[in-house]
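A short write-up of the structure that comes next.
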Amino acid sequence: MIIMAWWYFSVATLLITVLKKSESLDVVYLSNNCNATITASTSGAGLLEPDSSLYYKNNQDCQMILATDSSEKRLLFQFVRFNLEEAIDGQCLDSLRIYDGPNTTSSALTSTLCGRIQVPDVESSSNQVLFDFKSDEDGRTSGFGIYYTVFTDGPCGSNQFNCSNGKCITGALECDSYDMCGDGSDEANCEVEAIVDDGGLSPAAIAGIIAGSICLILLIIGIVRVGINKYKSHKLIKELVEEMKKNQAGEHTGEDFWGNGDDEDD
């Protein structure tokens with residue numbers, strides 16, 4: 001039981017930690033920012049999605065610029081999901097293309113992307129990137145999810161993390177549960193978040209203990225109820241078998257199984 005309680009506690013704490021981390025990532029929705037220039041998050045990283053709903057909208061012709069606050073800063077993009085409507089006869093119906101600059105005359109960072117594919121990481125050479133997203137009148141999917149990271153080239157400053165690939169990212173991005181360097185080095189030497197701080201148990205630990213305790217109590221109640229039902233069934237079957245044996249041996253006592261005596265004729 002102790003092991004089971006600890007397991008529930010660990011799972012609950014992990015879920016709370018993951019949810020807490022995901023809330024810290026800024027999300028930019030293209031459909032809400034068409035024809036706009038968005039400055040990259042001050043946290044130094046974020047997530048790009050086509051729409052806030054489960055599926056992106058039809059009839060989209062949306063261009064959005066993502067820019068950093070300094071010409072020395074550039075952008076790294078990592079595609080964690082890419083799923084647009086499949087091409088027909090080699091022609092994309094819904095598509096995304098990314099340009100290394102503020103307009104479509106800039107160099108392209110990607111080809112015209114569509115379908116369900118894996119897209120390699122790309123990085124800009126300037127501090128502005130244009131996203132050109134189009135969708136037709138029918139057929140839509142879950143779209144794409146793209147992590148972006150603001151970075152500079154080395155040497156890194158005192159408030160930056162030095163990635164193994166030479167990039168310098170915001171120091172606060174180290175051990176935030178996301179690979180923001182692009183090579184995993186910012187998550188390589190991270191310890192599990194402490195569940196006990198100087199003031200006692202952390203809120204995540206308390207919530208985990210409560211959740212684990214409730215699950216354990218429900219489990220115990222379920223086991224006890226199953227045990228009681230099995231015991232009753234076993235006892236009834238045993239009594240029925242004994243009664244049948246008595247009847248077969250001619251040792252009927254004058255009472256049936258339920259304790260009722262035989263009716264006697266006057």
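The values are calculated or read from the model by the stated rules, or taken from the named source; none is laboratory data. Everything numeric here is computed off the predicted structure, so don't read it as measured data. As a convention, Cβ positions derive from the backbone with ideal geometry for all residues, glycine included, and neighbour counts pool all protein chains shown. Just so you know, the surface numbers come from the protein's heavy atoms only, side chains and all, with ligands and any DNA or RNA stripped out. Shrake-Rupley method; radii C 1.70, N 1.55, O 1.52, S 1.80 Å.
So what J values fall out for region 46-62 if you push phi through Karplus, 6.51 cos²θ - 1.76 cosθ + 1.60 with θ = phi - 60°, rounded to Hz, Gly and Pro as x?
In residue order, the calculated couplings are x, 10, 10, 10, x, 7, 7, 8, 5, 10, 6, 7, 7, 6, 9, 9, 10 Hz.
To the nearest 10 Å², what's TYR29's accessible area with a 1.4 Å probe?
Spelled out: TYR29, probe radius 1.4 Å, area about 70 Å².
Determine how large the accessible area of LEU93 is when every protein chain is in place; take a 1.4 Å probe and give Å² rounded to the nearest 10.
50
Accessible area per residue of region 40-143 at 1.4 Å probe, in Å²?
On a per-residue basis, region 40-143 sits at 48 Å².
How much accessible area does LYS57 have with a 1.4 Å probe, in Å² rounded to the nearest 10?
Taking all protein chains as shown, LYS57 has close to 90 Å².
How charged is the neighbourhood of LEU96? Take every other residue with its Cβ under 10 Å from the Cβ of LEU96, and add Lys/Arg as +1 and Asp/Glu as -1.
Its environment carries a net charge of 0.
Would you mind telling me the share, in percent, of accessible area of region 45-97 contributed by carbon and sulfur at probe 1.4 angstrom?
The C+S portion of the solvent-accessible surface of region 45-97 is 42 percent.
How large is ³J(HN,Hα) for each residue in region 165-178, as worked out from phi by the Karplus curve 6.51 cos²θ - 1.76 cosθ + 1.60 (θ = phi - 60°), to whole Hz, x for Gly and Pro?
8, x, 6, 10, 10, 4, x, 5, 7, 5, 6, 9, 6, 10
Each residue of region 136-143 in order: what ³J(HN,Hα) in whole Hz does its phi give by Karplus 6.51 cos²θ - 1.76 cosθ + 1.60, θ = phi - 60°, with x for Gly and Pro?
These are the phi-based 3J(HN,Hα) values: 8, 7, 8, x, 8, 9, 6, x Hz.
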